[in-house]
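One structure is given below, encoded as structure tokens.
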Amino acid sequence: MNFQLHIGDWVNDGVDYLLDNYSGVFDAIGLVVDEFASTIESLLQVMPAEVMILLFALLGAWRLGLRFAVFTLAALGLILLSGFWPQTVVTLGLTLSATMISLLIGIPLGIWAATSDRVNMLLRPLLDFMQTMPAFVYLIPAAMLFGLGRVPGIIATVIFAMPPAVRLTTLGIRQVNKEIIEAGQSFGCTSSQLLFKVQLPNALPSIMAGVNQTIMMALSMVIIASMVGAGGLGNEVLASIQRLDIGLGFESGMSVVLLAIVLDRITESFGDSRRARRSGYLSRLFGRISGQRAPVKGESH
Amino acid sequence: MSPPHGKIVVRNLYKLFGSHPRQAMQRLNEGWDKQRLNRESGVIVGVNDVSFEVAEGEIFVLMGLSGSGKSTLIRLVNRLIEPTAGQVLIDGRDVSSMNRRELIELRRREMSMVFQSFALMPTRNVLDNAAFGLEVAGVGRAARERRATEVLEQVGLQGFATKRVDELSGGMQQRVGLARALAVDPSLIIMDEAFSALDPLIRREMQEILLGLQREHRRTVLFVSHDIEEALRIGSRIAIMEGGRMVQVGTPEELVAAPADDYVRHFFSTVDTSRFLVADQLKADSVPVYVHNGRAPEGCQVRRDLEAQDKHYAFVVDEQRSFRGSISLEKLALLTADDRPLSLEQSLLKPVAPVAPNLPLSDVIERLISNEGPIPVVDDDGRYTGAITKGRLLSRLQGAQP
Ligand SMILES: Nc1ncnc2c1ncn2[C@@H]1O[C@H](COP(=O)(O)OP(=O)(O)O)[C@@H](O)[C@H]1O
Ligand SMILES: [Mg+2]
């Protein structure tokens, strides 16, 4: 058989077309993203390492108790002592930037899909596609459209990490008890009051689970994004692969894992409201190392 | 058409669920039945040509099996569900033709709702839940918290303000639901199986609270229930729904006395309905009646009659059948001991206050206890219609099925 679909060629043509006709648009987007990310990064970098570690520990103590605070101190201290702190801050900055952009787009999209069946139907396959596409495939068009550096890294990360934010926002809103919605309406809520006073507060545990997943996916993606020059811990991982340096690979990999656990447990705790007790992305694996779970107060049924 | 009087007036209301309700409505008007409509166009008839009125201050109970359209019907009243056809008037204003703003205003000012699942916001504490309606309506924090505290007290929840709602038992949660509904001081409260999720003792307690609140401040209540005991206890009137239709409306007494069909009768089959018996259902013509047509009945004749029939009492009425008085065989025997003719003039008769036909059983019993003989029942125009005797009452209670 001689016939073959050249989907790859079409995609190439598409990217070329975009580049030829809309490079201005992409430059502008790139500029905004770069500005945003560098602001976040410099905010993180003005803080001395010790101060930031302490802040994380305090946050951990508030959300999860003393044992987790001790774990946080130990984990981040280990990163600092092994000399990977500067790269970790860069990775943290990239992760936070990408996460914020993902949420900024993803949560409103999720709300929209919750209120419109048609939007939901269009969005669902798109989200499936975004999530199942091998992560580094995004890097190629991102690099072509935005050049090398952290911008394509962040853009690719946003695309990769956004789906759970959209999905879990939609799910959370749609799952709110029907009579609770009716209660809102029957007391005379306008549609925005219904959204802000009824739907979002009641969907919050689910939305926070989405935030948690988005952060974790963003973290894993910014590591991969070092391939287009995003920088941070990913660079070390990449270097260790290129040089077959097992020691470097272990050290940098460990820094990623420790950062991941801290971020996961803390963000998870925000979704862990009294009603729903869920597991964060990693906590099922690492629950035992990272200390006790948040006390679940007044657990019903 | 006569001008609407009721708090709620519902006229020829329909709700069809499905993709082309208007088209289906046409079919229904052409005479298709529900089954055919469902089979051939996939439309479900939720509410089918329902008309009724609810008076100001009434507790109007909707009863019916699951799926009979009760929830749909009450949601058409505050338009949580859009009607397919028909009219809902509240205080004479057509709800179905209101725009969004008017509808929101109406919901904020005039009505509130209580739900089977309580539908409280788990993210808010008791006080903020109770204040929800006021908050939505834009009442300032201090004022709405004052009002919420007040209504929480009314439902017996003083001291619970800062508790989280999921720390409370079901009964307590529904008190919060009730407080939330009362806080906005509505003239109409819609309650969808509000007490159905509670166990029987708590349910009784909540019914008492509701009735107590009604005694303090009468509001119109539209109450859905599938518990006949509950309906009978709290309902001023009860409407029975079947398959989207309202098959009968009436006071508890009316429904007990004359159920429209087997479906309605079935609801009462488990209930001890004797307490809904009224004088009219207890009377019989077991007491001899003599007519005073200008000439009083003759005493000796009456005595002989009574002795022959083995009766102990007789009633005397006039030509218009107005009740004149009663006489006992005992007294008659004394009066006619010498067998001289005696006309039973008014002065010889014992005055007994007759009772109205709708006097409830409990009052009838009281009268029978304080009265030595039978009790006459007269209709609204004062005409004698029958007598209630102790024997008659007891045999009626024994086989109390209406
Ligand atoms: N949103 C809906 N879509 C389709 N059918 C519905 C919907 N809501 C109710 N129905 C149907 O309408 C009928 C009446 O339901 P409902 O009013 O909930 O009954 P009840 O409250 O008396 O149990 C049922 O047959 C139900 O399946
Ligand atoms: Mg129902």
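Can you give the average number of partner chain beta-carbon atoms within 10 Å of each beta-carbon in peptide B:132-138, as a whole number?
Average neighbour count from other chains, rounded to a whole number: 5.
Report, in degrees rounded to the nearest 10, the 0 to 90 angle that the Cα long axis of helix B:299-309 makes with the longest principal axis of chain B.
70
How large is ³J(HN,Hα), in whole Hz, for each residue of the stretch B:329-334 in order, when computed from phi with the Karplus curve 6.51 cos²θ - 1.76 cosθ + 1.60 and θ = phi - 60°, using x for Gly and Pro?
4, 4, 5, 4, 4, 5
For a quick check of understanding: with a 1.4 angstrom probe and all protein chains in place, what accessible area in square angstrom does residue B:237 have, to the nearest ten?
Number for this one is 60 Å².
Kindly express, to the nearest 10 degrees and within the range 0 to 90, the angle between helix B:170-183's C-alpha long axis and the longest C-alpha principal axis of chain B.
90
Along Cα→Cβ, 7 Å out, is where each label goes; now give me the distance between the ones at residue B:66 and residue B:36 in nm to one decimal.
About 3.1 nm separates the two model spin labels.
Say the cut-off is 22 Å between C-alpha atoms; which of B:7/B:34; B:283/B:350; A:178/B:34; A:178/B:7; A:197/B:7; B:311/B:331 go over it?
With Cα atoms farther than 22 Å apart: B:7/B:34; A:178/B:34; A:178/B:7; A:197/B:7.
Of the beta bridges DSSP finds with both residues in chain B, what % are antiparallel, to the nearest 5?
60
Using only the alpha-carbon atoms, how far is helix B:200-216 inclined from the longest principal axis of chain B? Give it as 0 to 90 degrees, nearest 10.
Computed tilt is about 80 degrees.
Just add up the charged neighbours of residue A:109: K/R +1, D/E -1, any other residue whose Cβ is under 13 Å from the Cβ of residue A:109.
My count for the surroundings of residue A:109 gives +2.
Which of the helices in chain A, when you take each full DSSP H run, stretch at least 30 Å along the axis at their Cα atoms and have an average Kyte-Doolittle score of -1.0 or higher?
Helix filter hits for chain A: A:7-46, A:85-115, A:150-174, A:200-224, A:246-271.
Quantify how strongly other chains surround peptide B:112-119 by giving the mean number of their Cβ atoms within 10 Å of each of its Cβ atoms.
5
Could you go through the stretch B:86-103 in sequence order and give the Karplus-derived ³J(HN,Hα) for each residue, using 6.51 cos²θ - 1.76 cosθ + 1.60 with θ = phi - 60°, rounded to whole Hz, and x for Gly and Pro?
So the J values, rounded to whole Hz, are x, 10, 10, 10, 10, 6, x, 9, 7, 5, 6, 9, 6, 7, 4, 4, 4, 5.
Using a 1.4 Å probe and ignoring any ligands, DNA or RNA, find the accessible area of residue A:39 and quote it in Å² to the nearest 10.
70
What whole-number distance in Å separates the alpha-carbon centres of the stretch A:55-106 and the stretch B:59-123?
50
Count charges around residue A:145 for me, please; just the other residues with Cβ under 12 Å from its Cβ, Lys/Arg as +1, Asp/Glu as -1.
Net charge in that neighbourhood comes out at -3.
Select from the stretch B:1-79 those GluC sites (Glu not before Pro) which occupy a DSSP coil region and have at most 15 other Cβ atoms within 10 Å, ordered by residue number.
B:30, B:56
Summing Lys, Arg as +1 and Asp, Glu as -1, what charge do residues with Cβ under 13 Å from the Cβ of residue A:95 carry, residue A:95 excluded?
After counting each charged neighbour, the total is -1.
With a 1.4 Å probe and every protein chain kept in, tell me what percent of the accessible surface of chain A is carbon plus sulfur.
That share works out to 67 percent.
Take every DSSP beta bridge whose two residues both sit in the protein assembly as shown, then give the antiparallel share in percent to the nearest 5.
60
Taking the Cα centroid of the stretch B:162-181 and of the stretch B:269-329, what is the distance between the two, rounded to the nearest whole Å?
So the separation of the two Cα centres works out to 57 Å.
Is the stretch A:2-145 rounded, prolate or oblate when judged by the Cα gyration tensor, a ≥ b ≥ c being the square roots of its eigenvalues, rounded requiring a/c under 1.5 and prolate requiring a/b larger than b/c?
It is prolate, given that a/c is not under 1.5 and a/b is the larger ratio.
Using helices alone, what [θ] at 222 nm do you get for the protein assembly as shown, with -39,500 (n - 2.57) per DSSP H run of 4 or more residues, divided over all residues and rounded to the nearest 500?
Only helices count here, giving -17000 deg cm²/dmol.
Quick one: how many Å² of residue B:312 are accessible to a 1.4 Å probe, rounded to 10?
110
The values are calculated or read from the model by the stated rules, or taken from the named source; none is laboratory data. Fair warning: this is a prediction, and the values are worked out from it, not measured in the lab. Using ideal geometry, Cβ is built from the backbone for each residue, glycine included, and neighbour counts are taken over all protein chains shown. We work out accessible area using only protein heavy atoms, side chains counted, and drop any ligands, DNA or RNA first. Shrake-Rupley method; radii C 1.70, N 1.55, O 1.52, S 1.80 Å.
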